[in-house]
Amino acid sequence: MTILVTGAAGFIGNTLCLALLKLGEHVIGVDSLNDYYDPMIKHARLERLARYERFRFAQVDLADAGALEKAVSPNEVTHIINMAAQAGVRYSLENPSAYMRSNLTGYLNLLEFARSAKNLKHMVYASSSSVYGDRADGPFSENDPVIKPVSLYSATKISGEMISQSYAHLYGIPLTGLRFFTVYGAWGRPDMAYWIFTEKIFKGESIDIYAAGEMSRDFTYIDDIIDVLTRIVDTPPKSKVPHLIYNLGNSKPTPLMDLVHVVEKACGQEAKKNFMEKQMGDVSKTFADISKAKAAFSYDPKTTINQGIPVFVDWYKEFYNI
Ligand SMILES: NC(=O)c1ccc[n+]([C@@H]2O[C@H](COP(=O)([O-])OP(=O)(O)OC[C@H]3O[C@@H](n4cnc5c(N)ncnc54)[C@H](O)[C@@H]3O)[C@@H](O)[C@H]2O)c1
């Protein structure tokens, strides 16, 4: 396989590149290296891949039409994994155009690239649990309607799934969409709660707890995701229109305050807390039904936050020399 991974400097894309390289695959990574969060982290992640001769990297903004084709010949690619996106719910209130640019224009450009890739066997793309909107029930199933986004981020992710369906239908591009549920772990994302709590605790600053802590998330450990992703990549859908969507969560919603306590324990310090109102765009709960991915790929997430968060905190301390 020669696998094009977009978002190769991002949290999930980069960790996946490393796993694929360890498995002996050829990997071409692209990323715009934007400054949504500290690009130093993105450069440090890329350094992990640099020692592999089977890896090459190009700085590409997928939203620039033709930029990807200048860096990568479509015919050299057999598989594509799209992890590039403007992520984050809250930032979509501040900078909506970044979401339209990366998640819609950039994604369309990538699908056009896929359309011209004559040796392409499969394209996998990241969607999100946010497509389910703000629901109090659960677990959320892939069969549930996804028509009530409560943030622009969610709206672009639903749109990505719709655009994928049209390209699978029109051009027969084999596509698999993955709805990730709050993925966390070492080399993670600085805009996410577990990172912000850790950072603030070590700086002695107070942490903001939204919705007075009345929220829960289906936290999913990065290694559980990477394990199944390496199998999904080589398994194109066999359906008539070759497009399937899977939830990749943990199926165990965890109250936000439980996360706070686990982070405090791992940091060895109690946090000063500001209890705040629920933020616009936030959902109260995420809860994945993972039976479809279990049946198709023997997906079996095992890691609890009691195991995964201390690994993240240890990594964080080493990375920042704390
Ligand atoms: N981490 C999670 O909990 C989570 C949950 C649900 C969905 N997702 C989705 O999974 C995917 C990967 O997320 P992540 O956590 O690794 O995020 P990330 O922000 O760490 O990685 C995304 C990468 O894409 C790059 N990028 C953004 N726009 C680009 C463009 N136009 N062209 C090229 N590169 C571009 C960024 O520079 C970044 O390095 C995203 O689609 C995200 O929406 C993540």
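The values are calculated or read from the model by the stated rules, or taken from the named source; none is laboratory data. What you see is a predicted model; the values in this text were computed from it and never measured. Cβ sites come from the backbone with ideal geometry, for glycine too, and all protein chains shown count toward neighbours.
Being at pLDDT 95 or above, among the polar types (S, T, N, Q) and out of contact with any Ser or Thr (no Cβ under 7 Å at 6 or more places or on another chain) holds for only one residue in Ser130, Ser159, Ser151, and it is Ser159. Considering the range 16-37, the residues that are under 18 Å from Ala85 (Cα atoms) and touching a Leu at 6+ places or on another chain (Cβ under 9 Å) include one that is farthest from the ligand (Cβ to nearest atom), namely Ile28. Selection over the range 79-126 of residues that are in contact (Cβ under 8 Å) with a residue 60 or more places away in the chain, crowded, with 18+ Cβ neighbours inside 10 Å and not in a helix (DSSP H, G or I) gives a count of 14. Every listed requirement among (1) surrounded by fewer than 16 Cβ atoms within 10 Å (Cβ to Cβ); (2) out of contact with any helix residue (DSSP H, G or I) (no Cβ under 6 Å at 6 or more places or on another chain) is met by Ile209 save one, (1).
If we scan the range 132-151, do we find a residue that is within 13 Å of the ligand (Cβ to nearest atom), in a helix (DSSP H, G or I) and under 15 Å from the mean Cα position of the chain (by Cα)? The answer is no, given that none of the residues of the range 132-151 is within 13 Å of the ligand (Cβ to nearest atom), in a helix (DSSP H, G or I) and under 15 Å from the mean Cα position of the chain (by Cα).
What about Val89, is it in contact with a Gly (Cβ under 8 Å, 6 or more places away or on another chain) and within 13 Å of the ligand (Cβ to nearest atom)? Answer is yes for this residue.
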